[in-house]
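Worksheet: one structure, shown below.
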Amino acid sequence: MELLLDFFRGPDGITLLSVYHAVLRLSLPILALFIVIRSARSLLGFRREPEVWAWLRLATGELLPVTHWENLLGRKKNADIVLDFATVSKNHAVLTRLDDGGWTVTDIGAKGRLEVNGNRVLSGRVDYGDKISLGGLEMVLEPVSRQEARLQANSRTKAGKGNSPGLTLLLLTVFQLLVVLELVFNRTEDRMTILTAYGILLGTQWAMFIGQKLLKRSGFEVETVAFFLMSIGLGICASANPGEMYKQLIAMGVGILIFLVLGFCLRDLETAKRVRFLAAIAGVLLFLANIVFGRSVYGSRNWIYLGGFSFQPSEFVKICFILAGASTMERIVTRRNLWSFVIYTAFIGGCLVIINDFGSAAIFFVGFFAIALLRSSSYPNAILIVVGVGMLAVLVTAAALAIRHFPHVANRFAGYGHIWEDSFNKGYQQTRSLMCIAAGGLFGLGLGNGWMQYMAGAGASDTDLVFAYVSEEWGLLMAVMMIFALAMLGLFVVRSAKVARSSFYTIGASAAMSILLVQSVLNVFGTVDFLPLTGVTFPFVSNGGSSLMSCWGLLAFIKACDTRQNASFAVKLSDEGGGKS
């Protein structure tokens, strides 16, 4: 390594090294752009034709396609299967596919009778060939033929076609190697730590890629985006505090384990729905432990210390909240479990107010609305909106009290929009952040060459203010690139949601992505004073083990929403269509 450094220093000691740094600062954003564009083309370029899982044949001979695993039947225009007959209620019944390929039909309080083979039922199994009657309107459930299933499989977009995930991962590897070279030149005393940390990162991402290939899964773009953002996050750790890199790698390992376990659980919807109670209980216990044993850091009592380790329970509750909410709300049209979910959400909001964590409260509130507004009928929707507005009023009131009684909260809100008027007190962090963003320009000062950690305080520079840190050392182009990477995942979820097989996947992915995006917005806008500084992290980039583990868990819901052929390990392969997933 010393010989390599001597070679780059050249005869005059700086010439070759200066050229190398200049070329590198140009190369990194270009490589990042290729990585993001290739991932975007693959994730956003799929065809959005809905899959047909069964047919409903009316007495007239008309065939109505059943395109989801949970289907609202009724006269209402936004029903999954619209039955425009006077005797059918607006929201009449829900037709649900079981994991064994069978179906159930459930009455959701319709005025007309629900019958299966002439027998009135409130909820019952329906097999192919059975006759269903809704308010006297009769129809027969018929299977999709093998030929139709094969045609559907052949028409579906194959993951990675035209944009090989392996090649994208190879570009990411080149990106990471260039980052390592830059860091070892600038952080010579921490050379082995940096080489070891990035070596573990490289080995992990390729092991996951090869493992999914062995499972006959060809989609790896979602994971590539996560590893791209983590590469930037590790670089920030190497610059600010190299000793933290091992902690982040441990958190990455635990997070990937959560991602894989949760992904395989999502393969079986009935199992996922059964564990929702365990998830809800876990969320309650985590917050109760937080209230009893939590310690205050920067004014929020949201940390628990166990020996030499610390974690934020609210980060793990995000996963429990989505799992419990999505599996409950997919049957919200039946009005079952509605109030239990509302009470559960209110309990979480109350706990966040008690521990004085209003940044997380805002994130959970957005997650609540994402879950509540998807696939809901008018009555539950109205209840949830009223409850949501009430919760918002409570949070605003609590925030007002916190501003009055907690100085650090008051300073953040008082300085908002006026940071330059008190740049050495209330506006200290944001003004220094803006200075560092301006100093970095488009291509940055070079990894390890920034002043952000000294100007804005080491405790927040690589967490709450990481956008400014990246902008200064990596350049504004790179900082914008990590925003584009998450925005691209958001567009992918929006496109996938409409054709997702189950509303469980739709709600879970939409809620998870909403949380990640709002978290990013609060982090970036708080740094540049577009919003008050709330102290939330940027997903996958900010230094923080709890946040990183939570982000990997949320990513599992997004992965499960991928309907491209053989793309997601979170969806079982079937025998039809040559092993389509």
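A compact table of results
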item: At R0 = 45 Å, FRET efficiency that the Cβ-Cβ distance of Lys247 and Asp99 yields, to 0.05; result: 0.70
item: Proximal lysines relative to Lys273, as straight alpha-carbon distance under 19 Å, when same-chain residues fewer than 8 apart are discounted; result: Lys318, Lys559, Lys572
item: Net length gained if the chain between Ser423 and Tyr305 were fully extended (0.36 nm per residue, minus Cα distance); result: 39.1 nm
item: Accessible solvent surface per residue of segment 203-272, calculated while the other protein chains remain in place, 1.4 angstrom probe, Å²; result: 32 Å²
item: Segment 32-46 versus segment 538-554: alpha-carbon centroid distance in Å; result: 22 Å
item: Whether segment 220-289 is rounded, prolate or oblate, judged on the alpha carbon gyration tensor where a/c under 1.5 counts as rounded; result: oblate
item: Centroid-to-centroid separation of segment 166-229 and segment 85-149 [C-alpha atoms, Å]; result: 50 Å
item: Of all accessible heavy-atom area on segment 133-247, the percent that carbon and sulfur account for (1.4 Å); result: 63 percent
item: Residues whose placed amide H lies under 5 Å from that of Ser502, excluding near-sequence neighbours; result: Trp69
item: Per-residue HN-Hα couplings for segment 427-442 [Karplus 6.51, -1.76, 1.60; θ = phi - 60°; Hz; x = Gly/Pro]; result: x, 4, 5, 5, 5, 5, 4, 5, 4, 5, 4, 5, 5, x, x, 6
item: Derived scalar couplings ³J(HN,Hα) [segment 241-246; Karplus, 6.51 cos²θ - 1.76 cosθ + 1.60; whole Hz; x for Gly, Pro]; result: 7, x, x, 6, 4, 5
item: Segment 432-490 - percent of accessible surface contributed by carbon and sulfur, probe 1.4 Å; result: 76 percent
item: Restraint check, Lys77/Lys158; Lys158/Lys216; Lys90/Lys131, Cα-Cα greater than 23 Å; result: Lys77/Lys158
item: Amide H contacts under 5 Å for Glu138, placed H, 5+ residues apart; result: Ala59
item: Extended-chain gain in nm, criterion 0.36 nm per residue less alpha-carbon gap, Arg146 and Phe293; result: 47.1 nm
item: Sites Glu138 and Ile343 - FRET efficiency at Förster radius 30 Å, r taken between beta-carbons, to 0.05; result: 0.15
item: Extension reserve of the Leu257-Thr196 stretch, reckoned as 0.36 nm per residue once the Cα distance is removed; result: 19.9 nm
item: Kirkwood Rh (inverse of mean 1/r, distinct Cα pairs), segment 73-152, angstrom; result: 13.1 Å
item: For Ala54, residues with placed amide H under 5 Å, excluding near neighbours; result: Val66
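The values are calculated or read from the model by the stated rules, or taken from the named source; none is laboratory data. Just so you know, these numbers come straight off a predicted model, no measurement behind them. All Cβ positions, glycine included, derive from the backbone under ideal geometry; neighbour counts span all protein chains shown. For accessibility, only protein heavy atoms count, side chains too; no ligands or nucleic acids. Shrake-Rupley method; radii C 1.70, N 1.55, O 1.52, S 1.80 Å.
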